[in-house]
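Here the structure comes first, spelled out in structure tokens, and everything after it is commentary.
The values are calculated or read from the model by the stated rules, or taken from the named source; none is laboratory data. What you see is a predicted model, and the numbers here were worked out from it, not measured in a lab. Positions of Cβ are backbone-derived with ideal geometry, glycine not excepted, and every protein chain shown enters the neighbour counts. Heads up: the accessible areas ignore ligands, DNA and RNA and are worked out on the full protein's heavy atoms, side chains in. Shrake-Rupley method; radii C 1.70, N 1.55, O 1.52, S 1.80 Å.
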Amino acid sequence: AMLDPDSGLSLTIARIVQRLKGSSLYSQLERQARVSLHKPEIKLESLKEDIKDFLKTSGWEKKLQNAVYSELNVFPAPCHPAAPPEHMKEPLAYMRKAQGSWEKRILKSLNSMCTELSIPLAQKRPVSEQKELLSKWNEMGTDEPDLSLFRPVYAPKDFLEVLMNLRNPNYENGEQPSFRNHLGLIQVPLKVKDIPELKEDFSELGLNIGQLGIDDSAQVPPEFFENEHVRVGQKVLAEQDSAAAQQFVRQGCPTALRADLWALILNISNQPEDILYYEQLKSNVIQHDLLVDSLIFKDVKLTASNDDYYFVFEDYLYQVLLCFSRDTSVLEHFTYSSATPPKSYIRGKLGMEEYAVFYPPNVNYNSFILSVAPLCFLYHEPSKLYQIFREMYVRFFFRLHSISSHPSGIVSLCLLFETLLQTHLPRLFYHLREIGAQPLRISFKWMVRAFSGYLATDQLLLLWDRILGYNSLEILAVLAAAVFAFRAVNLMEVTSLAAAE
């Protein structure tokens, strides 16, 4: 529980100041303030106020507001000062433990693959290979390495099994009737929202409010909703205000404005130092060969090459994912994620910290690919595409691959989906359960991939507008339940899991 709001607020402020101090924005603001001293309108007697006014009128104050807003969106509210640090990662001990053993299992699977194939997790590439990779950087898709021996580290159904076996040890003996009537596969008592709460939270999705993707259809003359919505969107962009942009996209994003609005919400501006950082990651890919590279290759080949929409982006996908697997800045999100990053050492350098390579916590590249691919429609500049994906990952997507009690975590989404279905379509829920087609077995892979690969891209982007707009993944569970409601009549007729699928 929070202490009195004031001390909570001052903790938050202190933390944000601390985090911004290390950022390039901080040094830019300092530089601007210094430059402003030479301006005639800045008077010594009113120095502080004049500089503040200058930063306001020159647009720097907006940039600072957006940076603060971004911090507030990503990091959780500070815990009670006496709470141990792991509480920030995940307050429930049994969830932390489950996540820990899941990570061990993944690492074991990676290590045994290394042993079988006798290749290290990480090694330096020979110079000749470095040159070759560099020359082929923009057409890696033309390579056909033999990857038959590499296997995916885990499939969604393995992960679902783990989630189904989660139990709160404090509940085992005491029968709690209120929770026991949950007949779904997820058996942990987490608080999820009911319909009235969801209605309140997602009020902009009410039936009386215009939605892009629906109300710009042929039946409604576009000048009523779409033109007005586009006009407001352009105004929001001109204002460069992240909070306003986030509010705006809750009704869907006009296609022409989406790339810029998302970048504004995620506070990504693709500065020279960001481009440089991307180039450094790229040179790390060129110099070091990681086991995960082969897994990425295999997954892209299986996923994108066979997809009518995504195969054209194959090279982008390699670039983004190979760089992502080297990006240690992603480690920052482990302060508020229940996961912990595994370390590996370059061959022959065991235990030497400067040779440690962090592995991305989840080696389910298949899901990564499906979360990068749709972004390729919006961003064509690799370093910007990369930053947008990384920000989407540390804000949202990592929650779909780690075990936690967070309302946007995959466990809560599964429970929310099952609860909605069981409460509102009890007959359908029982029917599917009886024939061995537990609804979650069907919807799990939709949710774990944020519906990527299951919806046409234009529809998927309209869904992701809402994820960004509400800063939450709960909409995924609501949509999954809605799909079942939409198909309820047909589903009542089926007699097997395969038929239900």
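Worth a mention:
- If the condition is being touching a Lys or Arg at 6+ places or on another chain (Cβ under 9 Å) and within 14 Å of ASN73 (Cβ to Cβ), then region 251-266 contributes only LEU266.
- When restricted to residues that are more than 23 Å from GLY59 (Cβ to Cβ), surrounded by 14 or more Cβ atoms within 10 Å (Cβ to Cβ) and aliphatic (A, V, I, L, M), region 220-246 contains 1.
- When LEU317, LEU266 are checked against the criterion of being more than 22 Å from ASN471 (Cβ to Cβ) and buried (at least 18 other Cβ atoms within 10 Å of the Cβ), LEU317 stands alone in meeting it.
- Residue satisfying all of: in region 81-120; open to solvent by 60 Å² or more (accessible area, probe 1.4 Å) and modelled with pLDDT under 80; farthest from the chain's Cα centre (by Cα) among these: ALA82
- Failed criterion for SER24 (all others in (1) under 30 Å from SER405 (Cα atoms); (2) of a type in the set (Gly, Ala, Ser); (3) touching a residue at least 60 places away in the same chain (Cβ under 8 Å) hold): (1)
- Hey, ASN66 over 30 Å from THR340 (Cβ atoms), modelled with pLDDT of 85 or more and open to solvent by 90 Å² or more (accessible area, probe 1.4 Å) or not: no
- Condition check for PHE398: at pLDDT 95 or above and either outside any helix (DSSP H, G or I) or among the aromatic types (Phe, Trp, Tyr) (or both): no
- Considering the conditions (1) in a helix (DSSP H, G or I); (2) open to solvent by less than 40 Å² (accessible area, probe 1.4 Å); (3) closer than 30 Å to SER404 by Cα, ARG326 is excluded by exactly one of them, (1).
- Failed item, numbered, when GLU61 is tested on (1) open to solvent by 90 Å² or more (accessible area, probe 1.4 Å); (2) not in a loop (DSSP other than H, G, I, E, B); (3) not small (Gly, Ala, Ser): (1)
- Summed over region 451-485, the residues that are open to solvent by less than 40 Å² (accessible area, probe 1.4 Å), of a type in the set (S, T, N, Q) and within 15 Å of ASP201 (Cα to Cα) give a count of 1.
- Only listed residue being open to solvent by less than 20 Å² (accessible area, probe 1.4 Å) and either charged (D, E, K, R) or farther than 21 Å from PHE377 by Cβ (or both), chosen from VAL285, VAL300, VAL249: VAL285
- If the condition is being basic (Lys, Arg) and either open to solvent by less than 20 Å² (accessible area, probe 1.4 Å) or more than 23 Å from ILE195 (Cβ to Cβ) (or both), then region 429-450 contributes ARG441, LYS445, ARG449.
- Here MET95, MET140 are screened, and the one residue that is in contact with a Gly (Cβ under 9 Å, 6 or more places away or on another chain) and assigned to a helix (DSSP H, G or I) is MET95.
- When GLU132, GLU139 are checked against the criterion of being under 25 Å from ARG151 (Cα atoms), at pLDDT 85 or above and not hydrophobic (A, V, I, L, M, F, W, C), GLU139 stands alone in meeting it.
- Count - residues of region 486-499 that are under 20 Å from LEU415 (Cα atoms) and open to solvent by less than 50 Å² (accessible area, probe 1.4 Å): 1
- Of the helices (runs of 4 or more DSSP H) lying entirely inside region 240-310, those containing at least 2 residues that are more than 27 Å from LYS136 (Cβ to Cβ) span 242-248, 255-265.
- Among all positions in region 193-203, there is no residue which is at pLDDT below 80 and open to solvent by 30 Å² or more (accessible area, probe 1.4 Å).
- Number of the exception - LEU331 against (1) closer than 30 Å to TRP60 by Cβ; (2) buried (at least 17 other Cβ atoms within 10 Å of the Cβ); (3) touching a strand residue (DSSP E or B) at 6+ places or on another chain (Cβ under 9 Å): (2)
- Scanning region 405-428 for residues that are farther than 11 Å from GLU474 by Cβ, in contact (Cβ under 8 Å) with a residue 12 or more places away in the chain and open to solvent by 10 Å² or more (accessible area, probe 1.4 Å) turns up SER405, THR419, GLN422, THR423, HIS424, LEU425, ARG427.
- Within the option set GLN123, GLN187, being of a type outside the set (Lys, Arg) and modelled with pLDDT of 90 or more holds for one residue only, GLN187.
- Long-range neighbours under 9 Å by Cβ, at least six apart or interchain, first residue under 18 Å from GLY213 (Cβ atoms) and touching a residue at least 12 places away in the same chain (Cβ under 8 Å) within region 224-245, second open to solvent by 90 Å² or more (accessible area, probe 1.4 Å) and hydrophobic (A, V, I, L, M, F, W, C): VAL230/ALA256; GLY233/ALA256
- Scan region 439-458 for residues that are in contact with a Gly (Cβ under 8 Å, 6 or more places away or on another chain) and either modelled with pLDDT under 95 or basic (Lys, Arg) (or both) and the total you get is 1.
- The residues of region 419-460 that are out of contact with any Pro (no Cβ under 7 Å at 6 or more places or on another chain), assigned to a helix (DSSP H, G or I) and either among the acidic types (Asp, Glu) or closer than 16 Å to LEU370 by Cβ (or both), listed by number, are GLU434, SER443, TRP446, MET447, ASP458, GLN459.
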